[in-house]
Amino acid sequence: MRVPFLVLLLVVAAVHAEDTDRDVGHTLVFRSLEQHLSSLVEGDAAFDSFRTRDDLNPTMRADFDGLAGFLSVALQTQFLGLSSDGLRLEWQRRYWKLRDPTPTTPENERLEEHARRLLHVRERHAIATPPYFDDAGLFYLKLGPPDAVHEELGEIRQGVGYVPTRQWWVYTQLGFEAVFSQPVPHGPWIRGDRRIKATTRPELANEATAAGQSFREDADRPRYDEIAPTPSRPDFSGGLTGAAAIAGDEYALAPVDYFTLAADLGKPLSVVFDVDAFRGTRGRTRVEVHLQTALRDFRFAWSDSLYAARYRVEGVLLDDAVDEAAYDSYDDLVRATAFRTTMSDLLWPGQLQFEVAPGRYRLAVWIRDTHSGDSGRIVADLLVPSLDGVGLAISDVELASWIGPDAGTWSPRFAKRDRIVVPNPAGTYTPPSIFLGYFEIYGLQLDAKGRSRYQVAYAIRPRDGQPASGWFPKAGREESPSVTAQFIGEGKTSDLHESLRIDLGALESGAHDMEVTVRDLVAGTETTTRTRFALMR
């Protein structure tokens, strides 16, 4: 089991370094867009990192121009360096699939919106030089249409002859405002305030210089003081260096963009999730995605003397080529007898299940309240381990809120052979409740009598020690109480399943790490996995 994640609304390209330490059971990893798309580069023997835009044909140049504002230098190098247009088309397919906000559906709303924006930009903001649209067009392409536009024509007292027209584009959701000027009548819109630069009156130029305004050439990099700090009437009388001004500059210069689904405008559903790996069939790995959603986030309706809420969950795994490798979905009904239950923070469990070959995958999950239309999404990267090799192996430890016989109370999705395991991806326990965990053991060696014998040892330690205290405290941090124990088991097969039930009374509140080691007493081999949980009093 991995660290639980609280998701409100997630459209993510993870940017952290990849974590591949299987010994600590990391099924969840972090991969950047560059890493996801790198397999095309690695498989292209003629890849050339020194290729430039000029080496492309007109069609690929147009594709690149429409994408370059979103791409980091590394992604631009990938696209340009590929040796054929076929590979570049495949690169684009994968890129937009990874940007798809709803991977569980055939539609790709982000790509469709990009096509609409690009068409508008090439019609309304065209210029004669690459990328063939002006600065205002780039803003539109990356951020979409502004919430409001304020235009101000030139005033005769500001100069002699033509004084550039200015426009302010207000992006309320993003909390900033961009200003554009038109230095040449009917010419391109340039980001920044060009009005003072066009004046022939020295006294105005001197006043603007004293106020900190820029008199650089138009080709230079824009300054922070050319972005208004708030979505209100801007004041360019002084230097504007607020957080919103810096954000505006980053939107213009960095490979970022803004897009929101219409469905996202409602209340987002909060979802806690984790991912655990178990042995599947025919050399594959069973990947379980465990979910929890607070009951108060659902919309309940009175029906047949009960309060009822309905929701749907869909999930997909995309392989390293960004093709669909596995899909799962289900509809669930939540019932409550008392109204106060519907407003509580109790977490309702759910589970998706996939069977895939070991490897790297992109997980996308969509959960939607059928009554309210509120929704939440999860996007995460997985490193699915191989658990079908020769020798001893152990699955992840699934944290659970209940383990017991199947009495028909819970969904059959939670069935594990002869028992029901209700997942607890939040990984929190409150005394007097006990720690519950489930795991599977594979590849135990049988003795001459056809039996397996094994030892399970576990150790629970606090994540962080407490500062040393007392009259003469020691240097460093004190070790908080820990729990260690072991037991021996026997079986008639090489593959077995086990449960852990641990009294947490001796532990202090806070985050704890658990290490579980299984030793094959017949073969003399052992294997280890780790997980973590939190104790709240």
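Things to note:
- Evaluating T370 against the criteria (1) in contact with an Asp or Glu (Cβ under 9 Å, 6 or more places away or on another chain); (2) closer than 20 Å to R279 by Cβ leaves one unmet condition, (2).
- Qualifying residue in region 352-363 (condition: assigned to a strand (DSSP E or B) and at positive phi): yes
- Filter result for P385 (crowded, with 18+ Cβ neighbours inside 10 Å and either touching a residue at least 60 places away in the same chain (Cβ under 8 Å) or closer than 29 Å to S494 by Cα (or both)): yes
- Taking (1) under 30 Å from Y327 (Cβ atoms); (2) crowded, with 20+ Cβ neighbours inside 10 Å; (3) in contact with a strand residue (DSSP E or B) (Cβ under 6 Å, 6 or more places away or on another chain) in turn, A136 satisfies each apart from (1).
- Pick from region 364-407, criterion of a type in the set (D, E, K, R) and assigned to a loop (DSSP other than H, G, I, E, B), ranking: farthest from I441 (Cα to Cα): D374
- Candidates L436, L444 - the one that is surrounded by 20 or more Cβ atoms within 10 Å (Cβ to Cβ), over 26 Å from the mean Cα position of the chain (by Cα) and assigned to a loop (DSSP other than H, G, I, E, B): L444
- Region 478-492 - residue that is acidic (D, E) and assigned to a strand (DSSP E or B) and, of those, farthest from I394 (Cα to Cα): E478
- Selection count, region 52-91, where residues are among the polar types (S, T, N, Q) and either surrounded by fewer than 17 Cβ atoms within 10 Å (Cβ to Cβ) or not in a helix (DSSP H, G or I) (or both): 6
- Some residue of region 298-313 being of a type in the set (G, A, S) and within 30 Å of L89 (Cα to Cα): no
- Answer from S509, S494 - the residue that is more than 17 Å from K449 (Cα to Cα) and surrounded by fewer than 16 Cβ atoms within 10 Å (Cβ to Cβ): S509
- The requirement of being at pLDDT below 90 and farther than 30 Å from A308 by Cβ is fulfilled somewhere in region 403-421, by at least one residue.
The values are calculated or read from the model by the stated rules, or taken from the named source; none is laboratory data. Here the structure is a predicted model, which means the values were calculated and not measured. Neighbour counts run over all protein chains shown; Cβ positions are idealised from the backbone, glycine included.
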